[in-house]
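Every number in this text was worked out from the coordinates using simple rules, so none of it is lab data. All of these numbers come straight from a predicted model, not from anything done at the bench. Please note: Cβ atoms are built from the backbone with ideal geometry, for glycine as well, and neighbour counts cover all protein chains shown.
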Amino acid sequence: MFGIPEPLVQIIAFIYTDREFVVQDAGVKSDLHPQCFGISQGCPLSSLLFVIVMTVLTHDAKQKLCQELGVQLSDSVAAHDLLYADNTLVIDVSGQNAQQYVNCVSDIGAEYGLSFHWRRLEVLPVQTVAAAQKPDGSYVTEKDAMVYHGSMLSTTNRTGPELGRRIGMEQFDFNTLSRVCSHASISRARRLQVFDACISSKLAYGLHAAYLNKAEGRRLDGFQARCLKRIFGIPPSFLSRVTSKFVLEQSGVQKFSAMLRRQQLQLLAAIARRGPGDILRDIVFLPGTCRLGTSDAPRRRGRPRITWAQAVFQDAISAAGGPNSLEALFQSTTAARKVWEAVVKTYCELDANS
């Protein structure tokens, strides 16, 4: 089975046979209950088994698609599928090819006892008209935006809607925490810790992979300042005349936008240090260099949109002091990594105080 020796398969089967679980809450522990299906929570083997199954499944599905059906997926797409546990994201420039790929994944998955949850399938056509058909002849729900692992994917490929959604969610969570803290004796230092753990971390999760323009950065910093003023009991600026910069200095908290910029610069360096043939590096940089790659797609009329790579790369050049210095700092040596971390820290601190 998947090339795994039979004794090891028997050991794994023993782990997942006659499983039982208990529920413990408020100091009370329930009786044992049988678990007939699902992932065993806390078992590190479950994720590895899913990786094995989904890797082989997509390999067989592509093999069936290309060899049996004679369909060739577009070379202009770096990856045609994105797997995370049992979630599968299929990508292609042709709606017909994507439909056939989905059918192959469904057929091969049935051989392993897996099936699509057709009601949860969604189609996101970007600048095209495409539809996916279910086995019963009906069509998969088509949307302009979908949430994939906590982040919103949209047909416009803009960050604004996702940023607004996150700020709205965290504003609700912050209001809930504020009501709880108002009835408890909690110090300001502790409230700042809770804010950082429960609000800041969720808001900033994965956001460093998106490009934020100046207006979106100010919007993010404005939300942070409003929350900090409520923690310190300071009225709004039009009443108190207290600036957001003063609140940040008093709290010792770094601006959201500066924190994200620091994470973006570290991510760009990590991408540059990846080995040759890496998909992510080949998308951002020219092979074997630290220069940005160019797109062969025809340019649309009007002002060109700034991409994440362009914006972060310009910040990196400014932080390093020039392209030549940047290439030296992107070397995969321990000394270069430490120097780059110090350069980024200094650059972001100066930007936050400006």
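Which of E68, E216 comes first, and how do the rest follow, when ranked by fewest Cβ neighbours within 10 Å?
Details: E68 9, E216 18.
By the 10 Å Cβ count, ascending, the order reads E68, E216.
Near the amide H of L153, under 5 Å away, which other amide H atoms are found, from residues 5 or more places off or on another chain, if H is placed in the peptide plane?
M146, V147, Y148
Compare S182, S151, S200 in a GNM of the chain, Cα atoms joined below 10 Å, and give the one with the largest fluctuation.
S182
If packing is taken as the average count of other Cβ atoms within 10 Å, what order do 103-114, 54-65, 120-131 fall into, highest mean first?
Details: 103-114: 15.5, 54-65: 17.5, 120-131: 12.7.
With the highest mean Cβ count within 10 Å placed first, the list reads 54-65, 103-114, 120-131.
Taking 0.36 nm per intervening residue step and subtracting the Cα-Cα distance, what contour gain separates L32 from F232 on full extension?
Numbers: separation 200, 0.36 × 200 = 72.00 nm, distance 4.76 nm.
Extending this stretch completely gives an extra 67.2 nm.
Once amide H atoms are placed 1.01 Å from N in the peptide plane, what residues at a sequence separation of 5 or more from R19, or on another chain, have their amide H within under 5 Å of its amide H?
Sorted by chain and number, the residues that satisfy this are Q35.
Measure off 7 Å from each Cα along the Cα-to-Cβ vector at E68 and T141, then give the distance between these two points in nanometres to one decimal.
It works out to 3.0 nm between the two label points.
Could you give the length gained by full extension between S240 and A78, i.e. 0.36 nm per residue of separation minus their alpha carbon distance, to one decimal place?
Numbers: separation 162, 0.36 × 162 = 58.32 nm, distance 5.23 nm.
Result: 53.1 nm gained on full extension.
Given the -39500 (n - 2.57) contribution per DSSP H run of 4+ residues, what per-residue ellipticity at 222 nm results for the chain, rounded to the nearest 500 deg cm²/dmol? Spell out each step's value before the answer.
Numbers: 14 runs with 174 residues, N = 354.
So the calculated ellipticity at 222 nm is -15500 deg cm²/dmol.
To make sure I understand, if each residue's beta carbon is the centre and we count other beta carbons within 10 Å, what order do C36, C181 fall in, fewest to most? Could the numbers behind the result be given before it?
Values: C36 7, C181 16.
Going from least to most buried by this count: C36, C181.
Mind checking which lysines have their Cα closer than 17 Å to the Cα of K62? Skip sequence neighbours fewer than 8 apart in that chain.
none
By how many degrees, between 0 and 90 and to the nearest 10, does the Cα long axis of helix 6-15 differ from the longest principal axis of the chain?
It works out to around 60 degrees.
Using DSSP to call loops (not H, G, I, E or B), can you name the chymotrypsin sites (Phe, Trp or Tyr not before Pro) in the range 214-279 whose Cβ has at most 15 other Cβ atoms within 10 angstrom? Please list the in-between numbers first.
Values: sites: F223, F232, F238, F246, F256; in loops: F232.
Passing both the DSSP loop test and the Cβ count: F232.
Can you give me the C-alpha center-to-center distance between the range 132-148 and the range 53-76, rounded to a whole angstrom?
21 Å
In a Gaussian network model over the chain where Cα atoms closer than 10 Å are linked, find which of G302, G27, G233 has the largest mean-square fluctuation.
G27
Under the rule of at least 5 residues apart or a separate chain, name every residue whose amide H is placed under 5 Å from the amide H of D81.
I91
How many angstrom lie between the Cα centre of the range 232-251 and the Cα centre of the range 211-226?
If we compute the Cα centre of each part, the gap is 16 Å.
With the crude spin-label approximation of a point 7 Å out along Cα→Cβ, what separation in nm comes out for A110 versus C198?
Once both label points are built, they end up 4.8 nm from each other.
What's the extension gain from R165 to V339 if we count 0.36 nm per residue and subtract their Cα-Cα distance?
Values: separation 174, 0.36 × 174 = 62.64 nm, distance 3.65 nm.
Taking R165 through V339 to full extension adds about 59.0 nm, to one decimal.
Determine, for Y205, Y347, Y211, the number of other Cβ atoms within 10 Å of each Cβ, and report the residues in order from fewest to most. Intermediate results must be reported in sequence, preceding the final value.
Working: Y205 11, Y347 20, Y211 16.
Listing Y205, Y347, Y211 from fewest to most nearby Cβ atoms yields Y205, Y211, Y347.
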